[in-house]
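See below for the structure under consideration.
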């Protein structure tokens, strides 16, 4: 029997008569079968591949067959924009079978929320942060609202798993679970990832239901790809405007500044241009989406805000300025095209330099091989553990450490944190007055109330910090503007360059204590150094693929003539060195360059290793290490590498202390200050370096 045949007649009739469907897609059949059988599931399909219906149709079948007391299904989206985008669709699906849905987030007025509390809809749409507000608020009768909760649907789950936001989501789910009389079924909707089974295990949490990954075979489809190299943003924007004319397209940029520059350069070229990024107001973004959806000669220039499954209708083209940092992002963006019969999925890479041409080729070739990044298996998520301790004191007024431990051990992202470490954190938070203990019960301390208590604890609910801004100042003290911390964190002193105020600047020094970046003007006409214009850590596999492309002689028909010419120049420059056996080290006097192509985290690990082992000054990026100091030579560099190839070197207490002492004081979470110093350093360490990956690579 097909899954569709198992739906209640009322739902079958609505799908046929209201939606005009005559059948379900394979992913919808398979997912519906699993969900109707009561299994937890991770459903894999590209953007617009039918994942929403794959989860919501069997959810509706459950609700129609036996109406819930209160909320029966919660649909969780990682961002409000996706929630708003799905609001009408889920409203239609609910209404066509006589059910209701309600959207709850910070922009919904109190009167509507009070009405929902009095008469709850069967389907609730919300975000993880808003769900936590409901748990903590005395105005939300959680036990009554969720006593018959049966199913959670988490959209774009791949964007959450393995991150702090995912740890927060699972913490909230596990706090919600005891309110229901049911073992709440969990369904994650995901783009393609390298390890969907890991996401399923993570999502399961304390649920005892059987689980399944729904990943139907994908038909081979033609892809229309182009990689071009341009000498300026003006040329890049002009090419995009010409190719986009008469079509609907998205143009992805890696920064807000580039988004604004590209959009400005495309305007006035007989095409409607809209801008979409996190600094654009909600009203402007919605207006752009609405006008774009009904246009035929329009382009939205955007950051990753439109990478998640926000529906802006059928697209003709996707453009990419330079290259994204992951295969997953590339596939997600390309997946927005080729939906109509007779059209091909496509991406046009418009690159500013030869390095991003190489990066774009590597992304395409990895995708052709079927490789995609794995989601991280996070087990020691300290910032969210601290946040949850504070949230539990707010929810219960006062709570014992024992009860907190019992609650938090259900969350997969904390499973490698031991009870002694947990107790040490509690003691530290009491000592620093983030927690207060009386009669064996913990409540929020004065320092926590000062830090997070403003606007009725809005800072606590907003788990993830608003971007910290760093001032950009010249060596002469002139103020140039500001940069966000997530950009600054990846800048390399004496190497990275960036554009600000229409001019190029080279980073001289970053002061994290003062939140200042000190720069000097980049020399005119100087070619950017390798790694100088890539403000993010690239992964090991991507960088290794870039290395293989440089050492091979393959031609890529989708690359234009300037891009191919620059690739040949890079091969001529580095190919022989990279093909040699052993380590690709170049020596120039007392300076050595080691071309590892090992990615940002491994190269930064090696940087600290060299500094501790030999006392040299080392600058690292995604592809190389620049090593300078007394005694630098082929033999001494090889000897230091040999030391670092052993795990015993890194495990030595004095080496570990020295490495940790060199880590910059990045503020990766606003809850870092609540942690004992060693756990706060561990947060920075896990972000910046990878000792086990480094040892594995050196040993191989």
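Here are a few things to note about the model shown:
- Residue check for residue 170: over 30 Å from residue 339 (Cβ atoms) and either out of contact with any helix residue (DSSP H, G or I) (no Cβ under 7 Å at 6 or more places or on another chain) or modelled with pLDDT under 95 (or both): no
- Hey, residue 58 buried (at least 19 other Cβ atoms within 10 Å of the Cβ), in contact with a helix residue (DSSP H, G or I) (Cβ under 7 Å, 6 or more places away or on another chain), free of Cβ contacts under 8 Å to residues at least 60 places away in the same chain and within 30 Å of residue 118 (Cβ to Cβ) or not: yes
- Unique residue being surrounded by fewer than 23 Cβ atoms within 10 Å (Cβ to Cβ) and closer than 30 Å to residue 226 by Cβ when the list is 340, 403: 340
- Total residues in the stretch 492-540, condition at pLDDT 85 or above, more than 25 Å from the chain's Cα centre (by Cα) and not in a strand (DSSP E or B): 0
- Checked against (1) modelled with pLDDT under 95; (2) crowded, with 22+ Cβ neighbours inside 10 Å; (3) within 19 Å of residue 45 (Cα to Cα), residue 236 passes all but condition (3).
- Residues in the stretch 121-153 that are over 32 Å from the mean Cα position of the chain (by Cα) and in a loop (DSSP other than H, G, I, E, B) were compared, and the one that is surrounded by the fewest Cβ atoms within 10 Å (Cβ to Cβ) is 138.
- When the stretch 232-266 is limited to residues that are part of a loop (DSSP other than H, G, I, E, B) and without any contact (Cβ under 8 Å) to a residue 60 or more places away in the chain, the one that is farthest from residue 54 (Cα to Cα) turns out to be 245.
- For residue 219: the one exception among (1) under 17 Å from residue 367 (Cβ atoms); (2) touching a residue at least 12 places away in the same chain (Cβ under 8 Å): (2)
- Evaluation of residue 228 against (1) assigned to a strand (DSSP E or B); (2) outside the structural domain of residue 319 (by TED's automatic domain parsing) (one fails), failing number: (2)
- Residue in the stretch 438-448 that is part of a helix (DSSP H, G or I) and surrounded by 14 or more Cβ atoms within 10 Å (Cβ to Cβ) present: yes
- Of the criteria (1) surrounded by fewer than 15 Cβ atoms within 10 Å (Cβ to Cβ); (2) in a loop (DSSP other than H, G, I, E, B), which one residue 380 fails: (1)
- Taken over the stretch 190-214, the criterion of being at pLDDT 95 or above, touching a strand residue (DSSP E or B) at 6+ places or on another chain (Cβ under 9 Å) and not in a helix (DSSP H, G or I) is satisfied by 205, 207, 209, 210, 211, 212, 213, 214.
- Test: residue in the stretch 616-638 that is under 26 Å from residue 423 (Cβ atoms) and part of a helix (DSSP H, G or I): no
Residue by residue, here is whether (1) in a helix (DSSP H, G or I); (2) surrounded by 20 or more Cβ atoms within 10 Å (Cβ to Cβ); (3) not assigned by TED's automatic domain parsing to the domain that holds residue 173 holds:
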{"residue": "63", "(1), (2), (3)": "yes, yes, no"}
{"residue": "84", "(1), (2), (3)": "yes, no, no"}
{"residue": "91", "(1), (2), (3)": "yes, no, no"}
{"residue": "98", "(1), (2), (3)": "no, no, no"}
{"residue": "103", "(1), (2), (3)": "no, yes, no"}
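- Answer residue from the stretch 105-120, given it is touching a helix residue (DSSP H, G or I) at 6+ places or on another chain (Cβ under 8 Å) and either within 21 Å of residue 79 (Cβ to Cβ) or exposed (fewer than 13 other Cβ atoms within 10 Å of the Cβ) (or both) and is modelled with the highest pLDDT among those: 105
- Matching option when the condition is under 30 Å from residue 259 (Cα atoms) and crowded, with 19+ Cβ neighbours inside 10 Å, among 356, 393, 425: 356
- Meets criteria (without any contact (Cβ under 8 Å) to a residue 24 or more places away in the chain and not in a loop (DSSP other than H, G, I, E, B)) for residue 178: yes
- Criterion (in contact with a helix residue (DSSP H, G or I) (Cβ under 7 Å, 6 or more places away or on another chain) and free of Cβ contacts under 8 Å to residues at least 40 places away in the same chain) met by exactly one of 668, 681: 681
- When the stretch 31-46 is filtered for residues that are surrounded by fewer than 21 Cβ atoms within 10 Å (Cβ to Cβ) and touching a helix residue (DSSP H, G or I) at 6+ places or on another chain (Cβ under 7 Å), the ones remaining, listed by number, are 33, 36.
- The condition (being closer than 22 Å to residue 699 by Cα and in contact (Cβ under 8 Å) with a residue 40 or more places away in the chain) is satisfied by just one residue among 662, 593, 638, 656: 638.
- The residues in the stretch 456-483 that are out of contact with any helix residue (DSSP H, G or I) (no Cβ under 7 Å at 6 or more places or on another chain), under 30 Å from residue 433 (Cα atoms) and modelled with pLDDT of 65 or more can be counted, and the count is 3.
The values are calculated or read from the model by the stated rules, or taken from the named source; none is laboratory data. Only a predicted model underlies this, so the values are computations on that prediction, with no experimental measurement involved. We place every Cβ from the backbone using ideal geometry, glycine too, and count neighbours over all the protein chains shown.
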